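Notes to accompany the following structure.
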Amino acid sequence: EDRVLATPTGMSKGFLTEDDLVVTDMEGNVVEGNGHAVTSEIRIYLRIYRERDDVRAAVHAHPLYATAYAAAGLTVDSKVLPESVLSLGEVPLVPYGTPGTDELADRIGVHLNDHEVFLLENHGALALGGDVVAAYHRMECLEHTARIVYLARELGGANNLEPEQIGAIFEVHGGKTSDII
């Protein structure tokens, strides 16, 4: 409850080992870490874990299509695919904030209680979950959706599901529709 497992800063995430991970306290102070400095985005994670008891993991990444939307000042419309409706909900575009600062954490904080996935303007994406696998799957769904929406627009337009279709998805699979309709 009082520790955060995080990635180190300045290391390729594809080559990390368990020994490279960093443990901090809830103030961001490193308590374990083999001499590695913690990710510069620790302020975001600390804010999330303080404000959302249901969130036990957050994944920040720079997936190609989702980040392109964020760099263009656009969000990904999740109303195109049933799985996106269920997994993502509405995806807000968080205004740019300098990475590694409270400014960025504060800008995410505005949307924190109502969303599970965020596009960070000119910076990438953020996905939350009850565990790291759920957060990872949301990030993967965001990128999958961004690619499909992009391609559909290139083909002439993406057809959004109608509110009654979205309602039926939630009726069959559970959940609430208020955040997306």
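Is the range 84-97 home to any residue that is open to solvent by 60 Å² or more (accessible area, probe 1.4 Å), under 26 Å from Gly28 (Cα atoms) and in contact with a Leu (Cβ under 8 Å, 6 or more places away or on another chain)? Checked against the condition, which is being open to solvent by 60 Å² or more (accessible area, probe 1.4 Å), under 26 Å from Gly28 (Cα atoms) and in contact with a Leu (Cβ under 8 Å, 6 or more places away or on another chain), the range 84-97 yields at least one hit. No other residue among Arg147, Arg107 is farther than 20 Å from Arg52 by Cα and basic (Lys, Arg) apart from Arg147.
Answer with yes or no whether Thr75 is without any contact (Cβ under 8 Å) to a residue 40 or more places away in the chain, outside any helix (DSSP H, G or I), of a type in the set (Ser, Thr, Tyr) and open to solvent by less than 70 Å² (accessible area, probe 1.4 Å). Outline the logic, then answer.
Values: without any contact (Cβ under 8 Å) to a residue 40 or more places away in the chain: no; outside any helix (DSSP H, G or I): yes; of a type in the set (Ser, Thr, Tyr): yes; open to solvent by less than 70 Å² (accessible area, probe 1.4 Å): yes.
No; evaluated as a whole, the condition is false for this residue.
Within the range 105-124, can you find the residues that are part of a loop (DSSP other than H, G, I, E, B) and not aliphatic (A, V, I, L, M)? Let's see the steps before the verdict.
Quick first cut of the range 105-124, residues part of a loop (DSSP other than H, G, I, E, B) only: 110-111, 115-116, 121-123.
Of everything in the range 105-124, those that are part of a loop (DSSP other than H, G, I, E, B) and not aliphatic (A, V, I, L, M) turn out to be His111, His115, Glu116, Glu121, Asn122, His123.
Listed by position, the strands (runs of 3 or more DSSP E) inside the range 1-71 whose residues that are open to solvent by 60 Å² or more (accessible area, probe 1.4 Å) number at least 3 are 30-32.
The values are calculated or read from the model by the stated rules, or taken from the named source; none is laboratory data. Computed from a prediction, not measured in an experiment: that's the story for all the values here. Virtual Cβ from ideal backbone geometry, glycine too; neighbours counted across all protein chains shown. Ligands, DNA and RNA are stripped out before the accessible areas are found, and what is left, the full protein with its side chains, is counted by its heavy atoms. Shrake-Rupley method; radii C 1.70, N 1.55, O 1.52, S 1.80 Å.
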